[in-house]
Each structure stands twice: as structure tokens, then as C-alpha cells.
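For reference, the structure is listed below as C-alpha cells.
The values are calculated or read from the model by the stated rules, or taken from the named source; none is laboratory data. Note that the structure is predicted; figures quoted are calculated from it, not measured. Cβ atoms come from the backbone with ideal geometry, glycine included; neighbour counts cover every protein chain shown. To get the accessible areas, we keep the full protein, side chains included, count just its heavy atoms, and leave off ligands, DNA and RNA. Shrake-Rupley method; radii C 1.70, N 1.55, O 1.52, S 1.80 Å.
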Amino acid sequence: MGLIKAKKDSAAAAPPPSGDPLELLESRDPADRRRAAHQLASRPGAAAPLCARLAREDDLSVREAILTALLRGHPPDAVPGLLPFLESEDAGLRNAAIETLQQMPPDLVLPHVGALLAHEDSDVRIFTVQLVAKLPHPERLERLTAVLDHEPHVNVCLAAVEGVVEVGRPEALPALDRLKARFPDDPVVAFSVDAAHRRFAQG
């Protein structure tokens, strides 16, 4: 019996898989996947496999490790890989991707948001407007006022109003007034625009 037990213990104590972190990224063990993500933070060209894994990853600690690796080591390649997550129905994943994008250099992010601002899903456009409003980029107000002038869905426009107020530049007031004129019968638009005026008047 002792020998049999020794064999079982030996199998249970088998060393963890080792090798290329791209292979470990597909391991069944979350610890292996976390370790792989940390290693891939410094590997050129790893953004694509990290984003691909992120789309399938259900372990929150591994998600965090992947996002950290993308943020620290791969911003130029990670931005186009992360933006599609704004379309995700997984709110946790979507919000984590947005938070990561907000921490990346805005010059890398803003040029890529145009397609999402024209997305057929108004919720995706709202998430994109919220992202744009958080980016400290000189063109963000221009992007937000374009939404105020051209966006057909009132909820997306209201998100843009919030973004304009957050940016805090009073040159956006004419665009707010144009929005109010575009939706003359919407009390929420009127209230939001009037509130924005009061906010800017208070400095």
C-alpha cells in the first residue's frame, strides 16, 4: 500500500507546466495564466494573444494580470485590441477595458474611437462618449461637441452633455444650445443644458 500511495503522491506533486508563456496563457490553471501574462508584458507582439485570451478569460485575477500587462508593455498595440470590448455584454470586462484605456496615452486612444462613435448600438456610443470625456486630449471637446451636433439618439447626447461639463470649457455652450434646439420638446435635454449653463456660470 505504501508503494501505491507513493506513486499517487508523485503524480499529485508533478511540477507545473513550463515553457513558452504563450502556451501557459492557455493553461487550465489560473496561476499559470497569471504568470504567463506577467511574462508577456515585456514580449514584443504579445498584445494580440493577450487580448484574445482576455475575451475568453473568466478568472478575475487573470483578467487583471492581462490588463496590467497590456497597460505596462503594449499600449500602441493594445488600444485597437481593447476598444472592441466596449461592445461586450460582460459589464465587468467592458468597464475594466474602459478603465485601462483611460490610463493609456490619449494620443494613442482618441484616433481610434471614430468607428465606435458611429456604432449601430447606442449603448456602445454612450460608453465611447464616456471614454472620450475621460481622455486628457486637446481634441476631446471637439469630439464631444460633434456628438451634440449630429448624434440622433438623445441618450448619447445626454452622455455628451455630461462629458462637456466634465471637461469644463465654456466654449462648448453654443453646441449645448444647438442641442437644446434639436430636441425642443425633450424636458431632460432642456434641464441638462440649463444645468450646464449654471455650472459654467459658477466657474
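Restricted to the stretch 135-194, and to residues that are among the β-branched types (Val, Ile, Thr) and within 25 Å of Gln102 (Cα to Cα), which residue is modelled with the lowest pLDDT? Going through the qualifying residues, I end up with Val167.
Close contacts from the stretch 87-110, counting a first residue that is in contact (Cβ under 8 Å) with a residue 60 or more places away in the chain and a second that is of a type in the set (Phe, Trp, Tyr) and open to solvent by less than 30 Å² (accessible area, probe 1.4 Å), with Cβ to Cβ under 9 Å and a gap of 6+ residues or different chains, come to none at all. Every test in (1) open to solvent by 20 Å² or more (accessible area, probe 1.4 Å); (2) in contact with a Lys or Arg (Cβ under 7 Å, 6 or more places away or on another chain); (3) not aromatic (Phe, Trp, Tyr) is passed by Leu86 save one, and that test is (1). Among the residues making up the stretch 166-202, those that are more than 12 Å from Val154 (Cβ to Cβ) and among the acidic types (Asp, Glu) are Glu166, Glu171, Asp177, Asp194. Filtered by the rule that a residue be assigned to a loop (DSSP other than H, G, I, E, B) and open to solvent by 30 Å² or more (accessible area, probe 1.4 Å), the stretch 135-154 gives Pro136, Pro138, Glu139, Pro152, His153.
Does Leu93 satisfy the condition of being buried (at least 21 other Cβ atoms within 10 Å of the Cβ), out of contact with any His (no Cβ under 8 Å at 6 or more places or on another chain) and of a type outside the set (D, E, K, R)? Answer is no for this residue. Kindly establish whether Pro75 is open to solvent by less than 30 Å² (accessible area, probe 1.4 Å) and touching a Leu at 6+ places or on another chain (Cβ under 8 Å). Against the criterion (open to solvent by less than 30 Å² (accessible area, probe 1.4 Å) and touching a Leu at 6+ places or on another chain (Cβ under 8 Å)), Pro75 qualifies. Going by the structure shown, is Glu57 over 20 Å from the mean Cα position of the chain (by Cα) and either among the charged types (D, E, K, R) or surrounded by 12 or more Cβ atoms within 10 Å (Cβ to Cβ) (or both)? The answer is no for Glu57.
The sole residue among Leu173, Leu179 that is farther than 20 Å from Pro138 by Cβ, of a type in the set (A, V, I, L, M), open to solvent by less than 90 Å² (accessible area, probe 1.4 Å) and part of a helix (DSSP H, G or I) is Leu179.
For the stretch 19-51, the candidate set comprises residues that are in a loop (DSSP other than H, G, I, E, B) and of a type outside the set (Gly, Ala, Ser); within that set, the residue that is most open to solvent (accessible area, probe 1.4 Å) is Arg28.
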